[in-house]
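> The structure that follows is given in the form of structure tokens.
The values are calculated or read from the model by the stated rules, or taken from the named source; none is laboratory data. It should be emphasised that the depicted structure is a prediction, and the values quoted were computed from it without experimental measurement. So basically every Cβ, Gly included, is an ideal-geometry build from the backbone, and we count neighbours across all protein chains shown.
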Amino acid sequence: MLILIMLFANAPARAEIDPGDLTLTVTPERNGNADPFSREMVLLRIRGVYRQPILLEEVIQPSLANFSWTQLGRDTWSKTRLPDGQVAIAFDRVVAIFPHHAGDFTIEPFLHRLTVNDGGVRKVVDVPSPPVQLSVANWTKPVGGPDAKEPWWLPAREVTITDSWSPDPETVKIGESTRRIVTLEAQGMVAEGLPPRPVMRTRGILTFAGPVTRETIITPTGPIARATYQWDVRPAIAEVIPLDAIIIPWFDTVSRTLREAEIPARQIGGGLPDREEDAKPITPASPLVVVGAALAAFGLGLALVGFGAPTRSRQRLDRATRRALVLAAAAGDATAFRARLAPVLQGAPDLARAWRADPAIAAGLDALDGTLYGRGSVTAPDLTDLARRLGRPVRAAAPTGTDRGRLADLDGRA
């Protein structure tokens, strides 16, 4: 009410109320200028324009019997200039409505009860809005829709999914557990319209579902629905366990098309560290050992500079490729396994040389190629074992041929 007092403090009192001095309109905002479907959000923009100073006000809303609704934020009051140049007071309210079912509906008038100064006399005036016709369409496509049991009807402007694990699922072993938290957000919905917790089930894991939390965040452009799903996951077998992606269909109310959001695929186990020794904490060395190691390193550095001994660093497949190999191995798909490995064999010759220097890996790669390309009678490789070996860090093998480790002579002679 303080806002009204400030807005009308300098407004001149009119002698009497003329037709058109007080107007109230309700305008439905249809997504894509199309009739909405059941449970799809429609914004009602309620606007009043008043030439008379207003002392008190109250909005009386119709029952909206065929709709769920929520008001978006507080009412706003401002000054506006009319086409004839006069200044008036503007009132704005936004209400989001959600039709319960298809059909043709009439939104009954909103009523703004105003106390005005009519020629020096306080007067109560009811300003109604005209009734509004709103059609809610029937779903005619062969799949989905508001009345289908599956998939869940999710009409929204935008859907986003975030997926977090603690700890990383690739590092979990038997007897350990990891917590997965998936957050689903939908713009243009309330939380009650979001789907129930997705089913996460696969061979070899135990899942313990946690609570589901839901909230609706009110913004000036519409509500945002948020649901958080939680699971504790524990592997029950000592194997790499692939976890498939979970697809969540939704209806894009802007483009008027069916779309899909995805909870991404992951794997349980098979990641870092590859060996138990890699996971052990480093024991602090005594000061004498540190000094001795420093002197030895200094001497070795001099020797390397003097004799040009080549250095070989440890190399490893990138994480995405390691994961892809593990998933292909778990699925028994040798073609996918080889296809994911081919770019590495061509683009990382040092790594490929190191693998060929390892008899077990070399034998596995030969068996893989023999199986796919029919090079004689070979036994199918153990893809799970091969993926594990390929995923370990290896020291780059020395290049064959002339030793290029020594520094060239200063005069350029080889």
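> Considering only residues that are among the polar types (S, T, N, Q) and closer than 15 Å to G188 by Cα, which ones fall in the range 149-175?
If the condition is that a residue be among the polar types (S, T, N, Q) and closer than 15 Å to G188 by Cα, then T160 is the only one that fits.
> Look through R197, R201 and report the one residue that is closer than 30 Å to V326 by Cα, assigned by TED's automatic domain parsing to the domain that holds P242 and loosely packed, with under 13 Cβ neighbours inside 10 Å.
R201
> May I pose another question? Give the residue, chosen from A137, A156, A186, that is farther than 30 Å from A236 by Cβ, surrounded by 13 or more Cβ atoms within 10 Å (Cβ to Cβ) and in contact with a helix residue (DSSP H, G or I) (Cβ under 8 Å, 6 or more places away or on another chain).
Checking each option against the conditions leaves just A186.
> Still on this model: Which condition number in (1) under 23 Å from G119 (Cα atoms); (2) crowded, with 16+ Cβ neighbours inside 10 Å is the one that K79 fails?
(2)
> Picking from P220, P211, P151, which residue would you name as being of a type outside the set (S, T, N, Q) and surrounded by 16 or more Cβ atoms within 10 Å (Cβ to Cβ)?
P151
> Hey, P128 hits all of (1) more than 24 Å from S38 (Cα to Cα); (2) buried (at least 17 other Cβ atoms within 10 Å of the Cβ); (3) out of contact with any Asp or Glu (no Cβ under 8 Å at 6 or more places or on another chain); (4) at pLDDT 95 or above but one; which does it fall short on?
(2)
> Just to be sure I understand, how many residues within the range 32-47 are within 27 Å of V127 (Cβ to Cβ) and either assigned to a loop (DSSP other than H, G, I, E, B) or in the same structural domain as T253 (by TED's automatic domain parsing) (or both)?
Going through the range 32-47 one residue at a time, the tally reaches 1.
> In the set S68, S38, which member is surrounded by fewer than 17 Cβ atoms within 10 Å (Cβ to Cβ) and not basic (K, R)?
That would be S68, the only listed residue that is surrounded by fewer than 17 Cβ atoms within 10 Å (Cβ to Cβ) and not basic (K, R).
> Between a residue in the range 68-87 that is free of Cβ contacts under 8 Å to residues at least 24 places away in the same chain and any residue that is part of a strand (DSSP E or B) and acidic (D, E), which pairs come within a Cβ distance under 7 Å, given they are 6 or more apart or on different chains?
Matching pairs, first to second residue: D75/D92; T76/D92.
> Another question, then. Identify the single condition in (1) farther than 20 Å from P195 by Cα; (2) in contact with a strand residue (DSSP E or B) (Cβ under 7 Å, 6 or more places away or on another chain); (3) basic (K, R) that R157 does not satisfy, given that it satisfies every other one.
(1)
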